[in-house]
Amino acid sequence: MIKLIITMTGKSFSPKAKWNGIGEERKSFADKAAAMQWLDETYGKAKRAPMYVDAPEGAAIQIGYVIGFRSGGQYWLQQDWIEFRECKSMVLDNG
């Protein structure tokens, strides 16, 4: 199962405005293809940039996307930071 963790940030269009957290959402999908399809359907052609994290060896690995768009009128900018996580069930030993 794939889980998307979506952290929503926003700011006014003013150059002096700062980005603020405006919410978080989690969505689950059967596989990566279903998650990517949801991204395409939800965000359409909004500007998409890769999101990276440093691996223990020092290399950067892509873990998701930052998607930017205008929301709530022309004076509001929003960026959604979308992280992909693989979730697996674990076996509990009840003994």
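A few comments on the model shown:
- Residues within segment 62-94 that are loosely packed, with under 10 Cβ neighbours inside 10 Å and hydroxyl-bearing (Ser, Thr, Tyr), tallied: 1
- Filter pass, SER28 being surrounded by fewer than 13 Cβ atoms within 10 Å (Cβ to Cβ) and in contact with a Cys (Cβ under 9 Å, 6 or more places away or on another chain): yes
A short reminder: the numbers here are calculations on the coordinates, not readings from a lab. In this text, all values refer to a predicted model and were calculated from it rather than measured experimentally. Note that each Cβ is placed from the backbone with ideal geometry, even for glycine, and that neighbours are counted across all protein chains shown.
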